[in-house]
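Remarks on the structure that follows.
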Amino acid sequence: MSVDTAVLADLARARRSRRLADVDIFEKLYQAYLSVIAVGVVLAVGASTIGDDRVGPATLDRVLREGPAVVGLVAALVLIIGLRSGARGGPLTLEAPFVTHVLLSPVPRDLALREPSFRQLRQMVLAGGGIGALAGLLASHRLPVDTLPLIAWGAVAGVVLGVATAGAAMVVAGFPVAKPIVHVLSLVMLAGSVADIVAGTAWSPGSIVGRLALSGVHFDPVGLAAIPVAVALAVGGVAVVGGTSIESAIRRAGLVSQLRLAVTRQDLRTVVLLQRRLAQDAARSRPWVRIPAGRRLPVFRRGLQGLARLPLVRLVRVVALCSVAVAAAVGTWRGTSPLIIVSGLALWAAALDVIEPLAQELDHPDRWAGYPVNPGDLLGRHLTAPLLALVLATCIPVGVVAALGDAGKVLGTAGGVLIPACMAAVLGAAASVATAPFDPGALQMQMPEAIGTQLIVRVAWPPAIVIVACLPVLAARGAAAKGLSEFPAATQYLLPICILLGAVSMWLARRKPEVL
Amino acid sequence: MTDTAEPVLEAKGLAKDYGDQLGLEPTTLAVGAGELLLLVGPNGAGKSTLLGLCAGLLEPTAGEVLVSGAEVGSLAARAATSVIPDNPVLYDDLSVWEHAQYIARLNHVEDWEPLGEELLHRLGLAPRRDDLPSRFSRGLRQKTSLLLGLLRPAELLLIDEPFVGLDTPGQSTLVELLEEVVAAGVTVVVSSHQYDLADRASRCVGLRDGEVVHDGDASREIVRQLTGG
């Protein structure tokens, strides 16, 4: 062991022993107990919502034909996230003192960054394996094949995808690979996956991972090719990670520590802002279109001005999330009911980007408090422009689905669901950012179980109302199965949904600058 | 300009563009051994950018920096450079003495304890040697940061705003320590508005809007003019 390695190992040991000395063993056991209960509940609810109705041979055949490409698209998106993270100096998140003291010392950087790289890979193995195994378990409730192979191959594919993503990010950061090349690589990978879906093939890099994931349904040796590629990326990443930019590492170190604090305090708006800074995603200095000046509707006009400055990456993200929402709704229509949750969550996430003008008002409470109008009334007026933007963005994938499929059924369902769901998304996103960070002091007198429930509810209720607003898709599906018209079925729950949205609007109208 | 044949710090056409704003116009600078260079200028003038580039914390848009002839960021340059940032950067879970131990070992310093003890006493940190700096005031954290920067051997010492948060005795001690370091032949580049240091600096470089507007003698009057005071 070299002197440098011994010094780094000693530091890690000293810090670990200090941390362990501060650990309360009973508190840790209690946390483990709560975690086991939470995972159990998620598994039970997930499995029960998927149901136990096995798909028929025709559907199974379709899963085998189209599944690798569809799973491959998801894999490609994850890999693209990794590549983009690498281009911005990721995926390693180092502490500021580590950058200042260790990376500026005469210790070889590849040696210093080896342990953080291994830690990153370990985390990706655990996360990827866990998510893959969970997906396999949930799929086993519908697919008429053995459960164990589905779980095992799902876990393998998750591990491979996680390792490949972290490895690719480290290669890009360490080499370093120029951003334009990363953009081209990302586009090629995305285009390959889309081409696979359209052509019914499975040869793009993502689709190879898809083949591996579905080996539990039918073993596909081609999928195994993903394993050496992932290992090569990881080895290459660890080999070149010493070349990671110090400037990026410092920027990430500062932002990530703030991000952790914001996540701990459930301060969603700060999380969003810090994520954008991490992604170097700033408003355009020149708007896409100039909004003409005028005296009427100043808040609406200000909203349009803000939206006109959204950077391209955010516009693409909004359309992509709306497309995910519509695709998940189509999946729900075809029989996988839990996808309605994905649909609602994607729409809520898209709305977080388009409510930027309202969020800016919340970011500057002093300015907000200074206007000669009711604070809540001002927030309400800020919802119009984002709603318009979200409806337009959602109409794009709806139009595509209508053009590709049964236009009558699609438009009948969308006609009853789209506007209420978009309204719920805008209100839900506004509610999320208008919720003040929790005050740990105020929770000290409560039972731990009560605190946990309270924290979950605070975060979960805004996206939950979007999911509720998407539920009429199920009613439209039921009507179509009985040969009835979709539109009346989708609109029959409009009144309760409107009452729910009205309640959220009232809650939002009571927000005041001093509350935040 | 120094008369030394081979400068310890050499910047050639060094520039930094942050994309939305210019950090430093192309700058050429050479600092010889044993010089105490005072970097002054109003806020946003480019002092921290220049120091960050010389420390290897920032990547230049153009030009290069050499430390004792080695490219900044290389092992040799890192071994020769000690950096004290404007904001103390310390581990939350190491005591003052553990920090010193770690930094000394990282920099391959064998017999560091006597100097460590002396710095602890002179900076007034002796009673806090086993305490965690995460619970310190800004001033005490700054002193810890100074201790770590001065503990390791260096040919070039880069310090950004070292007087922020220090009490009056702490400021006097720092001035004394810097004088001793310079007397030992170390090149010191310090960004500060401190007039006491202006009397002791061998040279002053003034920056405004990312451009060098003065490179010559240091005096209180010059510092006052360059900082707009």
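If you take the Cα centroid of segment B:176-229 and the Cα centroid of segment A:208-232, the two points sit 63 Å apart. The distance from the alpha carbon centre of segment B:13-51 to that of segment A:482-509 is 61 Å, rounded to a whole number.
With a simple spin-label model that places each label point 7 Å from the Cα along the Cα-to-Cβ direction, the separation between A:V145 and A:V400 comes to 2.7 nm.
Each residue, A:V231 and A:R284, gets one label point 7 Å from its Cα in the Cβ direction; the gap between the two is 4.7 nm. Positive end of the dipole of segment A:60-260 (Cβ unit charges, origin at the Cα centre): among A:G223, A:A127, A:P149, the Cα lying farthest that way belongs to A:A127.
Ranking A:A199, A:G415, B:V190 by how far each Cα lies toward the positive end of the dipole of the protein assembly as shown (charges on Cβ) leaves A:G415 at the top.
Our summary gives segment A:297-515 a relative contact order of 28 percent, counting only alpha carbon pairs under 8 angstrom and 6 or more residues apart. Length available on full extension from B:T61 to B:D130: 0.36 nm per residue minus the Cα-Cα distance, which gives 20.6 nm. Working from label points 7 Å from Cα in the Cα-to-Cβ sense, the A:L261 to A:A127 distance is 2.3 nm. Rounded to the nearest 20 debye, the dipole magnitude of chain B is 440 debye, with +1 charges on Lys and Arg beta carbons, -1 on Asp and Glu beta carbons, and the Cα centre as origin. Within the protein assembly as shown, the ratio Rg/Rh, alpha carbon atoms throughout and Rh by Kirkwood, equals 1.01.
Once the chain from A:R277 to A:S17 is taken as fully extended at 0.36 nm per residue, the excess over their C-alpha distance is 90.2 nm. For the residues of B:82-92, the average number of beta carbons from a partner chain within 10 Å of their own beta carbon is 4. Straight-line cross-link reach from A:K179 at under 26 Å between alpha-carbon atoms covers these lysines, not counting any fewer than eight positions away in the same chain: B:K16. Between A:A509 and A:Q360, what FRET efficiency follows from the Cβ-Cβ distance if R0 is 22 Å, with the result rounded to 0.05? Once rounded, the FRET efficiency stands at 0.75.
Residue by residue along A:371-382, Cβ atoms of other protein chains within 10 Å of the local Cβ number 0 on average. The H on the amide N of B:V8, modeled in the peptide plane, is under 5 Å from the matching H of B:V31, B:G32, B:A33, each at least 5 residues off or on a different chain.
The order of the peptides A:470-477, A:407-414 by mean Cβ neighbours within 10 Å, most packed first, is A:470-477, A:407-414. In order along segment A:483-499, the Karplus-derived 3J(HN,Hα) couplings, from 6.51 cos²θ - 1.76 cosθ + 1.60 at θ = phi - 60°, round to x, 9, 6, 6, 4, x, 5, 5, 9, 5, 9, 4, 5, x, 5, 5, 5 Hz, and Gly and Pro are given as x. Dipole of segment A:277-337 computed with +1 at Lys/Arg Cβ and -1 at Asp/Glu Cβ about the Cα centre; of A:C322, A:L297, A:T336, farthest Cα towards the positive end is A:L297. Partner shielding of A:5-12 amounts to 3, given as the average count of beta-carbon atoms from other chains within 10 Å of each residue beta-carbon. Along segment A:109-118 the Karplus relation, 6.51 cos²θ - 1.76 cosθ + 1.60 evaluated at θ = phi - 60°, assigns HN-Hα couplings of 5, 5, 6, 5, 8, 5, 5, x, 5, 4 Hz to successive residues, with x for each Gly and Pro.
All of the numbers you see were taken from the coordinates with simple rules; none came from a lab. Everything quoted here is computed from the prediction, not taken from an experiment. With ideal geometry, Cβ positions are generated from the backbone for all residues, glycine too; neighbour counts draw on all protein chains shown.
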